[in-house]
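Structure record follows, encoded as structure tokens.
The values are calculated or read from the model by the stated rules, or taken from the named source; none is laboratory data. These numbers were taken from a predicted model, which means no experiment stands behind them. No Cβ is skipped: glycine too gets one built from the backbone with ideal geometry, and neighbour counts run over all protein chains shown.
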Amino acid sequence: MSESATILVGAEGALCTNPLMGVLKFFGIEPQIATPLQFLTDDLTGEPHLIKTRVLCSCRTLCEVLNRLDQFPKHAELWRRNVHSVFVYADEDSNAFRELKERIVDHGYTPVIQFDHRHNQWIISDKCPDFCGAMGGLRITAKQRFGQVAEDALETDAHTTAFSKGVYETVPIFLLASTTVVDIDAPLNERNFDIREHLLSAAPIVMFVKWAFGRMAWHTEDTNACLVIDDPLLRPTYGFVNYRSLLALMERYNFTTNVAFIPWNWRRCDRSVVDLFRSHSERYSVSIHGCDHTGGEFGIKNMGRLAWKSHQAVDRMMRMEAEVGLPHDRIMVFPQGVFSGPSMAALKQARYLAAVNTEVMNHDVPQFPITISDVWDIAVMRYECFPLFTRRYPAQGIENFAFDILLGKPCIVVSHHDICRDDQAQLIAIVQQLNALNCRLAWRGLGEVVRRSCRKRELSAGRVEVEMYGSELQLNNTFGQHTEFRITRRETDKTVIREVHVDGHPIPWEFADEHVRFATELGAGQSASIRIVVSEYGVEATHQDNMAYRLKVMVRRYLSEMRDNYVAVWTA
């Protein structure tokens, strides 16, 4: 048997079959569907397994399987040999949950997720670090308690265990006391996915898949991180930001900062600050924050105007680089988070590397729904196959950063200058929380975060599939042997791609199934720089900046600076 995942479905059907399939396929696992009888007579007693199967099913279905194992000792032996682990969720049959609990839990179990009634908090165990990943040890204030929870869940005076690990015939069984698994193909109904609203339906199944399938599933090897501060000028101080003090803080607490710089300000940089950024490029980086930073300037649908704004922003940043020698990352951070669908096409045409944004939904009439799976991905790729990397404010909670990391997304924190108020107390707090997570954060400049963001899965020894997101990728071979990397990137229009370069040299590529596909080989420990060269295409840029508009922009910029440098500081 070549399958590594089996979803068991009883005669009455299964409540969560489609959601389970959605999560498995998201992580690159193609499951097979079987009834308990098929599984016991065909799968367990067939050819010896090359890969131990992972079983996912409801309590009632697993009880049916275990009853047969009790009757046939030979099947129990095959179960121990061929089954890696089981993920089981509660169904509407409370008797089945009670029976299963008595078999695998009452004789010894490990709580993974519990509810603390006294403090209205979820507790994620710190005793299972390999299983819980970045979420291990967190305490999360409950927004919703259980949803639908099986009767007779594991109760104590202070806690209810909602997700636990038991063992049956040496096989680990993970028991979820909930009837719901998240449907990641459903439309996103909020600004971003909030794990506090979906804890039991999302966290257990993701933890299980990541743990059970390891490198066979899509995974990331680096957890890249960066703090992005929007708006500030490159002056010794801006609002609550003092760049020298911030540098000392970065070196003490180990993090990096990207300044989302407004291109309109390109002539107004202080040389001493520029020198500080240049001499500490491992800590400081600069990205592009709009063009003039007017309200909704990238939220329009006029492609000519959007093309002009995209190119004008780059032109200003290039002139700043030529004049003061400060490089920048060709990454767009949308002012106020506002963007339209056509703005993504304009950025792609202007050869931006990516966009980084707090909002994931465009502000014009949406052509398609953004789904949960879209925002679970490393970057949202639904807009012209141009990568939109998501970022979060500290107020969204450490648990959301931790769940993003569990999914494999980069950890991008966003704030404004006021994160440095009160002697940088809030900044220090969020950085310490992030660095204390059960993972190793690789703090880098924002451009490096994008260039190193990809996901991999091991097809066989020496063969690895890689999905890249930006137009550039820094690929490292960490597999300990000479490896062939089969690289794909989503693209709907073949004519967009001109060439593919590896370390500056063009290589053959093909286009199939709305993906660009190519391959390269690296020895153990080697790395390569990959670049997809986009053709020059698109509509002609339309210049509409008259004198009245330019005056309005100037007034807006100076009033914003007065607010940040004086009003905010004086009223703090």
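Things to note:
- Meets criteria (free of Cβ contacts under 8 Å to residues at least 60 places away in the same chain, part of a helix (DSSP H, G or I) and under 13 Å from Val228 (Cβ atoms)) for Ile430: yes
- Test: Gly480 is in contact with a His (Cβ under 9 Å, 6 or more places away or on another chain) and modelled with pLDDT under 95: no
- Selected residue [modelled with pLDDT of 95 or more, part of a strand (DSSP E or B) and surrounded by 21 or more Cβ atoms within 10 Å (Cβ to Cβ)] from Val375, Val356: Val356
- Residue in segment 433-479 that is surrounded by the fewest Cβ atoms within 10 Å (Cβ to Cβ), counting only those that are small (Gly, Ala, Ser) and without any contact (Cβ under 8 Å) to a residue 40 or more places away in the chain: Ser460
- The condition (being modelled with pLDDT of 85 or more and crowded, with 21+ Cβ neighbours inside 10 Å) is satisfied by just one residue among Ile33, Ile7, Ile29, Ile104: Ile7.
- Scan of segment 107-125 for residues that are β-branched (Val, Ile, Thr) and crowded, with 20+ Cβ neighbours inside 10 Å, ordered by number: Val112, Ile113, Ile124
- Residue within segment 120-133 that is within 26 Å of the chain's Cα centre (by Cα) and assigned by TED's automatic domain parsing to the domain that holds Ala203 present: no
- Identity of the residue in segment 383-398, crowded, with 22+ Cβ neighbours inside 10 Å and in a loop (DSSP other than H, G, I, E, B), that ends up modelled with the lowest pLDDT: Tyr383
- Number of positions in segment 359-387 that are on the phi < 0 side of the Ramachandran plot, out of contact with any helix residue (DSSP H, G or I) (no Cβ under 7 Å at 6 or more places or on another chain) and not β-branched (Val, Ile, Thr): 10
- Entirely in segment 212-294, the strands (runs of 3 or more DSSP E) that have 1 or more residues that are modelled with pLDDT of 95 or more, of a type outside the set (S, T, N, Q) and under 30 Å from Phe479 (Cβ atoms): 223-230
- Within segment 19-40, the residues that satisfy the criterion of being hydrophobic (A, V, I, L, M, F, W, C) and not in a strand (DSSP E or B) are Leu20, Met21, Val23, Leu24, Phe26, Phe27, Ile29, Leu37, Phe39, Leu40.
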